[in-house]
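Each remark here refers to the structure printed beneath this line.
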Amino acid sequence: MVNRLEAFIADQGRYKAVKVENLSRMSGGVSHEIWQFDAVLDTGSDRTARKLVLRLDPSDTKIGLHLGRREEFLVMRAAHREGVPIPEVFWLCEDLAILGARFFIMERVEGETIARRLLRDQAYAHAREVIIVQLAEALARIHRIDAAKHGLDFLPEPGDSAARTEILRYYEIYHQFSAEDPHPVIELVLRWLLAHLPAHETRGLIHADYRIGNVVFGPEGVRAILDFEGAHLGDPMEDVGWFLIRPWRYGADDKAAGGLAPRETFLDAYAKASGLPMDPTTGHFWEVFANFRWAMITIRDARIYRAWRLPNIELASIGRRTAETELELLNLIG
C-alpha cells in the first residue's frame, strides 16, 4: 500500500520523489476507512513534510445515504474555497487499480476530537466560552455555499418541500431495515411530521452531520469541521435541529447546544451569523425531525449488525439506542 500511495502522490503532484511514513488506520468510519500518514515531498529543489489523511471507500457493501468519495471531495473543495474551517483536500483517485478502492487525500489538522474532553477538561475552558459562536458562524458559511458556482450539480434539488423529501428518504430506511421489528412510535411521529411541515423554507448546502463529534478543536476553539459525506441541498434548519439533539449533549442535558450552551444561545448566534430568522415552530419541527432521523439510523445499524454480523462495535452501540430515541420523540411531540 505504501509504495502505491507514494507513486500516486508523486504523479499527482509531479514530485521527483515521495516518501510515506507512519501510515496507520484511524478509529471511526462505518461507511469508509480513514488512514493517517506523514509524507515527505521532494520537488528536486526542496523537500516539504506534510501531515495527511486518506479517506478510502470500504470493500464491503456501502450503507447509508452518503456521497461517494468524488462528490465528498468536490463539496469539501468548495467549502474550503469559501472560507469554511475544514481540512484542505488535495488529490482524488477513482482508479481502483491504485489502492483497490476510490479515495482522496486531504490535510491532517492536529487537535482534539473527543467531545467529552471539550466539555470537561480544564485545558478547553476558553474553548467552551467561544466555540458555540464559532460553530454557528461556520455553519452559516456552509449554508451560504453556492452549489452552482462550484459545480455541485450532482446534489439533487429537494423539490417544493425539503422537509417532506428528507422525511420520506429516511422513512425508506425504516422500511428497508425494520421489517422484523415494528415501531408504532415511528409511525406516529411520521404522521406528526407530515402534518406539521414548515410553511416557509430556505435553501442551502446542508452538512447533515453537524455536531461536536465532527469538529477538531484546540484550546482556542474550532480548528476544522469534518465529515461532509452526507452533504445535500435542503433547508438550513435541518443542520440546526441536528446539532440540538440529546445524543450530542454527552450527559449535559440542561445545555441543548452540544452540551455547551442553552438552545437559545446557539440559535441566536446562528441567526446573527446567517441573517435568517429563527421561527420557534419551524425550529421545533426540525428538532423533532432530527430525532426521527436518529431513530432511523439506530434501527438501520441494529439491523445491519444483526443481519450481516459485522464485528463493528459502533453499529452495535448505536443500534441499541432506538427505545430511548422513541421516548425523546414522544416527549417532543407531547
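The values are calculated or read from the model by the stated rules, or taken from the named source; none is laboratory data. Since the structure is predicted, the reported quantities are computational estimates derived from the model, not experimental observations. Cβ sites come from the backbone with ideal geometry, for glycine too, and all protein chains shown count toward neighbours. These area figures cover heavy atoms from the full protein model, side chains too; ligands, DNA and RNA do not enter into them. Shrake-Rupley method; radii C 1.70, N 1.55, O 1.52, S 1.80 Å.
The table for this structure:
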{"item": "Three-way shape label, region 68-174, alpha-carbon gyration tensor, a/c 1.5", "result": "oblate"}
{"item": "Angle between the chain longest axis and helix 322-333 axis [Cα atoms, degrees, rounded to 10]", "result": "50"}
{"item": "Average Cα contact separation per residue, the chain, under 8 Å, 6 or more apart, as relative contact order %", "result": "15"}
{"item": "Distance between region 133-148 and region 150-186 - C-alpha centres, whole angstrom", "result": "23"}
{"item": "Three-way shape label, region 1-128, alpha-carbon gyration tensor, a/c 1.5", "result": "oblate"}
{"item": "Cβ charges +1 (Lys, Arg) and -1 (Asp, Glu), total dipole of the chain, debye", "result": "620"}
{"item": "Computed E for residue 19/residue 101 - FRET, C-beta separation, R0 30 angstrom, nearest 0.05", "result": "0.85"}
{"item": "Label-point separation, residue 154 to residue 279 (7 Å along Cα→Cβ), nm", "result": "3.4"}
{"item": "Angle between the chain longest axis and helix 125-143 axis [Cα atoms, degrees, rounded to 10]", "result": "90"}
{"item": "Using alpha-carbon coordinates, inclination of helix 280-308 to the longest axis of the chain, degrees", "result": "60"}
{"item": "Close Lys-Lys pairs in the chain, where close means Cα under 27 Å and separation is 8 or more or interchain", "result": "4"}
{"item": "Accessible surface of region 67-123, 1.4 Å probe, proportion on carbon and sulfur as whole %", "result": "41"}
{"item": "The chain, accessible area per residue, ligands and nucleic acids excluded (1.4 Å, Å²)", "result": "47"}
{"item": "Of all accessible heavy-atom area on region 213-300, the percent that carbon and sulfur account for (1.4 Å)", "result": "55"}
